[in-house]
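Worksheet for the structure shown next.
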Amino acid sequence: MKKIVLTKSGQLELELVEDDIQLQEGMVKVDVKACGVCGSDLSLIDGKRDITKELYFGHELSGIVTEVDDKSTGFKPGMRVATELARTCGQCWNCRNGLPNYCRSMNDALLPGGFTEKTLVHSTPDYGFLSLIPDTLDDVVASLLEPTNCAYHIAMKANLKPGDNVVVFGLGAMGIIAAIILKRLGAGAIICVGRRPARQEKARQTGIFDAVVGNDEEGMKQIQNIVGEKGADIVIEATGTPKVLSDALKTVRYGGRVVVGSVYHGTIPEFDPLPIFRKELTMVGAKGPTIYRTTDDRSAVVCMMEQVQDDLKKIVSVYDYKDAIKAFEDAKSGEAIKSVITF
Ligand SMILES: [Zn+2]
Ligand SMILES: [Zn+2]
């Protein structure tokens, strides 16, 4: 089977390996159809995260269940699935206090991960990392479930009222998907802000947003022209660059809301926290994935994806397995908003 291997020295290699993956307790075996490249995968390659401490590589996958262990729940061979946090124990303190994304039962859910043609995924009564995918979604869109779950969490934390103006810092998948969802939920103007001209152009070409501007004086002026003097009702910070948080505090209105959906590496040397007090801001973090289910226990995020799939398709760059190295390169350079590799 095909496998994208990340060597200990941070090199990517395409290998053909024996399928010696034995079913393990509480796991289901999945034939991977598509797997997206996440910023956290790039951190592994850059050495910002330690590869020797990771059990899996690639977590944004869609595929078909081929085998299930007796102690696993919810799936049968032949079912179409994709990864997201779908079930936690419901018993630990975090679960009982509305924080299932910090459930004590969570552990390494995948083995060896989605950058291989076949992988095991955990699905037991106290911890599930798979949701069912309906035929209305194709394999590539389905592979966006996990990042869309995180973006949906950002959108939920934004507490949007219809008509609220939203400024999104960050033209990566997280910011863009959150913007797509907020628009679907009834936002007023949605303005996306980014640093790299190539990404700005890509985001503009989708035609989804009211404006896509640079993170510079000219961009800030354009934002003000749209949202007015008072500032934006909601600001999403999804750049991963700590100092952009200062820009977020400048852009939001009095009494506004800032949602931080970024994984930061580093700190802000001269951070001015005064606007938090002066403007009576609400600042909230959004750390997905977490659990969103409908009353009939489907994934609410899948339901949202069915509604916004045309927009999601506009932000994906699809690569065949043989071009996988390019998929990672384009994810890193910003040439692709979201790289997805198909097997
Ligand atoms: Zn991810
Ligand atoms: Zn729990």
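The values are calculated or read from the model by the stated rules, or taken from the named source; none is laboratory data. The structure displayed is predicted, hence computed values, not measured ones. All Cβ positions, even for glycine, are placed from backbone atoms using ideal geometry, and neighbour counts span all protein chains on display. Please note that ligands, DNA and RNA were not included when accessible areas were found on the heavy atoms of the full protein model with its side chains. Shrake-Rupley method; radii C 1.70, N 1.55, O 1.52, S 1.80 Å.
Entry remark, segment 102-122: residues being over 16 Å from Cys35 (Cα atoms) and away from ligand 2 (no atom under 15 Å from the Cβ) number 1 in total. Does any residue in segment 86-99 that is over 16 Å from His153 (Cβ atoms) and modelled with pLDDT of 95 or more come within less than 6 Å, Cβ to Cβ, of a residue that is more than 16 Å from ligand 1 (Cβ to nearest atom) and open to solvent by 40 Å² or more (accessible area, probe 1.4 Å) six or more places away or on a different chain, and which pairs are these? Pairs found: Cys89/Asp126; Cys92/Arg104. Based on this model, can you work out whether Ile45 counts as open to solvent by 20 Å² or more (accessible area, probe 1.4 Å), assigned to a helix (DSSP H, G or I), away from ligand 2 (no atom under 16 Å from the Cβ) and farther than 13 Å from Gly128 by Cα? The answer is yes for Ile45. In segment 91-106 there is at least one residue that is open to solvent by 50 Å² or more (accessible area, probe 1.4 Å) and either within 14 Å of ligand 1 (Cβ to nearest atom) or aliphatic (A, V, I, L, M) (or both).
In segment 140-160, the qualifying residues are those that are within 14 Å of ligand 1 (Cβ to nearest atom) and open to solvent by 10 Å² or more (accessible area, probe 1.4 Å), and the one that is farthest from Met106 (Cα to Cα) is Tyr152.
Within segment 23-42, being touching a strand residue (DSSP E or B) at 6+ places or on another chain (Cβ under 9 Å) and open to solvent by 40 Å² or more (accessible area, probe 1.4 Å) holds for Leu23, Gln24, Glu25, Asp31, Lys33. Report yes if Gly240 is more than 29 Å from Asp135 (Cα to Cα), assigned to a loop (DSSP other than H, G, I, E, B), open to solvent by less than 40 Å² (accessible area, probe 1.4 Å) and in the same structural domain as Gly219 (by TED's automatic domain parsing), otherwise no. Spelling it out, Gly240 is indeed more than 29 Å from Asp135 (Cα to Cα), assigned to a loop (DSSP other than H, G, I, E, B), open to solvent by less than 40 Å² (accessible area, probe 1.4 Å) and in the same structural domain as Gly219 (by TED's automatic domain parsing).
In segment 274-343, counting only strands (runs of 3 or more DSSP E) that sit wholly within it, the ones holding 3 or more residues that are open to solvent by 30 Å² or more (accessible area, probe 1.4 Å) and on the phi < 0 side of the Ramachandran plot span 282-285.
When the residues of segment 123-139 are filtered to those that are at pLDDT 95 or above and open to solvent by 30 Å² or more (accessible area, probe 1.4 Å), which remaining residue is nearest to ligand 2 (Cβ to nearest atom)? For segment 123-139, the residue satisfying everything is Leu132.
Counting residues in segment 95-109 that are farther than 26 Å from Glu18 by Cα and under 15 Å from the mean Cα position of the chain (by Cα) gives one or more. Is it the case that segment 203-217 has a residue that's outside any loop (DSSP other than H, G, I, E, B), polar (S, T, N, Q), assigned by TED's automatic domain parsing to the domain that holds Val258 and under 26 Å from Tyr264 (Cβ atoms)? Taking every residue of segment 203-217 in turn, none turns out to be outside any loop (DSSP other than H, G, I, E, B), polar (S, T, N, Q), assigned by TED's automatic domain parsing to the domain that holds Val258 and under 26 Å from Tyr264 (Cβ atoms). In the set (1) at negative phi; (2) at pLDDT 95 or above; (3) of a type in the set (Gly, Ala, Ser), Gly255 fails one condition alone, (1).
Checking each residue in segment 321-335 for being in contact with a strand residue (DSSP E or B) (Cβ under 7 Å, 6 or more places away or on another chain) and in contact (Cβ under 8 Å) with a residue 24 or more places away in the chain picks out Tyr321, Ala324, Ile325, Ala327, Phe328, Ala331.
Candidates are the residues of segment 51-72 that are outside any loop (DSSP other than H, G, I, E, B), of a type in the set (D, E, K, R) and open to solvent by 60 Å² or more (accessible area, probe 1.4 Å); the one that is farthest from ligand 2 (Cβ to nearest atom) is Glu67.
The conditions of being of a type in the set (Gly, Ala, Ser) and assigned by TED's automatic domain parsing to the domain that holds Ser43 are met by Ser299. It is to be established whether one or more residues within segment 73-86 are assigned by TED's automatic domain parsing to the domain that holds Glu13, among the acidic types (Asp, Glu) and in contact with a helix residue (DSSP H, G or I) (Cβ under 6 Å, 6 or more places away or on another chain). Scanning segment 73-86, I find at least one residue that is assigned by TED's automatic domain parsing to the domain that holds Glu13, among the acidic types (Asp, Glu) and in contact with a helix residue (DSSP H, G or I) (Cβ under 6 Å, 6 or more places away or on another chain), so the answer is yes. Taking residues in segment 164-187 that are within 15 Å of Glu306 (Cα to Cα), and partners anywhere that are of a type in the set (Ser, Thr, Tyr) and surrounded by fewer than 24 Cβ atoms within 10 Å (Cβ to Cβ), the pairs with Cβ atoms closer than 9 Å and at least 6 places apart or on different chains are Ile180/Thr206.
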